[in-house]
Every structure is written in C-alpha cells, then in structure tokens.
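Heads up, the thing below is written out as structure tokens.
Derivation of every value follows stated rules applied to the coordinates shown; laboratory data play no part. Not measured: the values here are computed from a predicted model. Neighbour counts run over all protein chains shown; Cβ positions are idealised from the backbone, glycine included.
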C-alpha cells in the first residue's frame, strides 16, 4: 500500500508541470526553457499555498454585495462564489508568478482555464486510480464470488 501512496504522490506532484506544458503547447504561455517550467511550478505552488486563500477571501468579500444585490438563487450564488472567484484567484496567482519570472501570457483566461482544469483532471485521475488500487493490485469486483447473493454481474 505504501508503493501506491508513493505513486499517487508522484502523479499529484507532476500534475501542475504537465498542465503548464499543456498550456505552453497550446500557445497560451511563452516559455523559453525547461527550467522556466520548474520555476513557474514552484512559484505557482508557493503562491497557491500562501496568497491564493487571501485573494479568494478578498474577492469574495469584494463581490458579495454585488452578488447579494442581484437576488440570485442559492445555487447560482454558490456557483459564483466557488468557481468564478476561484477562476479569478487562479488567474491572479498565475499573473503574479509569470510576472515574477518574466514569462509572457498570450491569453490569460485560456491559460488559467487550461492549467486549472488539466491539473484538476490529472489529480482526480490519480485519486481515482489510487482509490481502486488495493494492497494486491487493482480490485476486480467481478472476480469476487459472493455466496448466496442475488446480484447478477453483467
């Protein structure tokens, strides 16, 4: 089980650099060298830990009167409060990291969306594959024979 935990940690570790590579290959970020990817990954990770929560609180408090004055339903309010604020917080963190390193962002919205969504999908794929792996390898529910069960496996 420790081996699977290490593989899970390695996949999570490389989720952000892979998502930066995807944004670079799509042309949303201009990166000069491979070391810039490593530096950008480091600064994005550091800013995500330290600065992004503060930016999210500030953006939520700043936009709260506007959102409340619209009289939106709870579902729409939750959607705006979670995802829109998170998108803008991620874009501010990406802008600060790229400005610190001198990296040019050609399309900030698509770069933010690409990095955020691809890092999330890679991390969730790693989480899902880790959860289905047991100490003896992948679990196969069809191979488990339960006596007296009325369930038909298809």
Label-point separation (nm) for residue 50 and residue 74, each offset 7 Å from Cα along Cα-to-Cβ?
-> 3.9 nm
In percent, what relative contact order does region 12-132 have, based on Cα pairs under 8 Å that are 6 or more apart in sequence?
-> 47 percent
With each pseudo-label sitting 7 Å past Cα toward Cβ, what's the residue 58-residue 83 distance in nm, one decimal?
-> 2.5 nm
